[in-house]
Amino acid sequence: MKVVLQLKRVGRVWQDVLPVNIYCKAMGTLLNTAISELIARILALEDISSEEANFLHGLFEHILVQGPQVFTPVLEEKENRRYQEEVSVYVTKWMAFKELAMVLLANLNDILNRWAESKGPLALAFSYNEVKGLIRALFQIMDRRAAALAQIGPSF
């Protein structure tokens, strides 16, 4: 994806200029902005075919693998691993992005398990209405979909 490539280029320019903590915050903000936009656009979709879900999942996987590689604040590669492993510290939507990547290929049971009665990682990343919208977009109208929507129910 071009975003990651461009971020790597920016990172190389900033590598020798910015202090490490500022570099990581800046790169984290840029990556967070990109993935926040992807999340928002997918949440806005009313219908996602299985082919589209597979394509989007592949795109997300690419970003999940390559995204941490933008955190190269120092020239020594071994030193950068520490920052690459802490990507969720600098990218606030990272966990939501990972959850959405999982949801794109998940079955209804997997989604319900990740929701875990509004206590699971999916519930920490997304609201009831967002998960409901994803289920409606990803799954055809059927009894199982209706049962899943009823099972997650609004949490008050």
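The values are calculated or read from the model by the stated rules, or taken from the named source; none is laboratory data. Not measured: the values here are computed from a predicted model. No Cβ is skipped: glycine too gets one built from the backbone with ideal geometry, and neighbour counts run over all protein chains shown.
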* With respect to the numbered conditions (1) assigned by TED's automatic domain parsing to the domain that holds Asn21; (2) touching a Lys or Arg at 6+ places or on another chain (Cβ under 6 Å); (3) more than 30 Å from Tyr23 (Cα to Cα), which one is the sole condition not fulfilled by Glu52? -> (2)
* Can Lys78 be described as assigned by TED's automatic domain parsing to the domain that holds Gly28 and among the basic types (Lys, Arg)? -> yes
* To do: Among the residues of region 31-55, write down those that are more than 11 Å from the chain's Cα centre (by Cα) and touching a residue at least 40 places away in the same chain (Cβ under 8 Å).
  => Leu43, Leu45, Glu46, Asp47, Ile48, Ala53, Asn54
* **Residue in region 59-70 that is exposed (fewer than 15 other Cβ atoms within 10 Å of the Cβ), under 16 Å from Ala101 (Cα atoms) and among the small types (Gly, Ala, Ser) present** => no
* Considering only region 21-47, state which residues are within 26 Å of Asn107 (Cα to Cα) and surrounded by fewer than 18 Cβ atoms within 10 Å (Cβ to Cβ). => Ser36, Glu37, Ala40, Arg41, Leu43, Ala44, Leu45, Glu46, Asp47
* Asked: Does Glu117 satisfy the criteria of being loosely packed, with under 14 Cβ neighbours inside 10 Å and either under 21 Å from Ala26 (Cα atoms) or touching a Pro at 6+ places or on another chain (Cβ under 6 Å) (or both)?
  -> no
* Structure fact -> Of the residues in region 1-20 that are under 18 Å from the mean Cα position of the chain (by Cα) and touching a residue at least 60 places away in the same chain (Cβ under 8 Å), the one that is surrounded by the most Cβ atoms within 10 Å (Cβ to Cβ) is Leu7
* Asked: Among (1) assigned by TED's automatic domain parsing to the domain that holds Gly11; (2) touching a Ser or Thr at 6+ places or on another chain (Cβ under 9 Å); (3) among the charged types (D, E, K, R), where does Lys98 come up short?
  -> (1)
* Structure fact -> Here the residues within region 18-53 that are assigned to a loop (DSSP other than H, G, I, E, B) and in contact with a Gly (Cβ under 9 Å, 6 or more places away or on another chain) are Ala44, Leu45, Glu46
* To do: Quickly run through region 68-82 and pick out the residues that are out of contact with any helix residue (DSSP H, G or I) (no Cβ under 6 Å at 6 or more places or on another chain) and assigned to a helix (DSSP H, G or I).
  => Gln69, Glu77, Lys78, Glu79, Asn80, Arg81, Arg82
